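For reference, the structure discussed in these notes is given below.
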Amino acid sequence: MTDKNTNQVEHELKHALSRQEAPPDFADKMLARVGEQHSMSTVMSHSRWKVFTRPLIRWAAITATAASLAIGGIHYRNVQRERSKGEAAKQQLMLALRIAGSKLQLAKARVNEINATQAANR
Amino acid sequence: MRKSETLASAERTLADHSPDTRTGFAALVRLHQSMVFSIALHFLADRPAAEELAQDVFLQLHANLPNLKSEDHVKFWLRKVTAHRCIDHKRRRKLPQVSIEEIAEPSAPTRSVDPLLQRKLRQVIASLPEKPRLVMILRYQEDMEPEEIAEALAMPVATVRSHLQRSLALLREKVSRSIGEVTI
């Protein structure tokens, strides 16, 4: 292919891929969407915080927060209490197991002793 | 609004960092809408989808306006974001291909052009893989240099050149096969 042909292809390509006009109402639609989005975000941010300016709502929010903190504190104390009870039970069980183990050792030693005496008498 | 006034209004918007200035943002939209819309249209070959994508790009521009410093920066940003959104759109939705014939013919030809060849070229471009297609659109629609395309698409310049060479060779082959070597 010659340079002339290459240039011709490129020229045709530029033409085939030339810019097309956007629809006539494109910018208006765009601005409407921006406006919608802006007003939606404004309403959301206003409604999110403005509600707390009313005294009743403010006190309700404070009460709810205080109640949540109190309930959380009580729950935490209960959990701690249960945990310490569990620890004590565990310690008691360990002690019982140690005692039972030493008793078993004693019984085993006694049995061995009796067996040895009997063998010597025979 | 004349183009110089539009540009001045757009530049004031950028200088003020005020995306809420309706007229300034409208000026920016009007200044760049055909560029953004055409990249999307040539890539997607689907007019409604191209319009929707272009609107999403401008919404993103509105949110990012305070970070953009100049008119050139806006142009670069728009090309880059449009290109990436085109690829995302195609990957997300495997859209049924709309006939490329639906794309309007350019309104004011500068030199005599062959309508049959134009249609064939658009068909071949639409059949290219995503990245080479974008490279060709940015090169021949936007007249961008390979270095600029590489920067916008975050790919090496050598890859851009290779996409251009291969796509041109493919175009020549396909077009000459269907229309005849004599035409081009």
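The values are calculated or read from the model by the stated rules, or taken from the named source; none is laboratory data. If you're wondering where the values come from, they're calculated on a predicted model, not measured in any experiment. A quick note on method: Cβ atoms are made from the backbone with ideal geometry, for glycine too, and the neighbour counts reach across all protein chains shown.
Please pick out the residue among A:ILE62, A:ILE99 that is more than 26 Å from the chain's Cα centre (by Cα) and not basic (Lys, Arg).
A:ILE99
May I ask you to list pairs of residues, at least six apart or on different chains, whose Cβ atoms are under 7 Å apart, with the first in segment B:46-57 being in a helix (DSSP H, G or I) and the second being among the small types (Gly, Ala, Ser)?
Short answer, once both residue conditions are applied: B:ALA50/B:ALA40; B:LEU53/B:ALA40; B:ALA54/A:ALA22; B:ALA54/B:ALA40.
Out of the residues in segment B:132-150 that are closer than 11 Å to B:ALA83 by Cβ and either in contact with a Leu (Cβ under 7 Å, 6 or more places away or on another chain) or acidic (Asp, Glu) (or both), which is nearest to the other protein chains (Cβ to nearest Cβ)?
B:ILE137
When you go through (1) surrounded by fewer than 17 Cβ atoms within 10 Å (Cβ to Cβ); (2) free of Cβ contacts under 8 Å to residues at least 24 places away in the same chain; (3) among the aliphatic types (A, V, I, L, M) one by one for B:ILE149, which number turns out not to apply?
Failed condition: (1).
Counting residues that are in contact with a Lys or Arg (Cβ under 9 Å, 6 or more places away or on another chain) and at pLDDT below 90, which helices (runs of 4 or more DSSP H) fully inside segment B:112-184 reach at least 2?
In segment B:112-184, B:115-127, B:157-179 are the helices (runs of 4 or more DSSP H) which contain 2 or more residues that are in contact with a Lys or Arg (Cβ under 9 Å, 6 or more places away or on another chain) and at pLDDT below 90.
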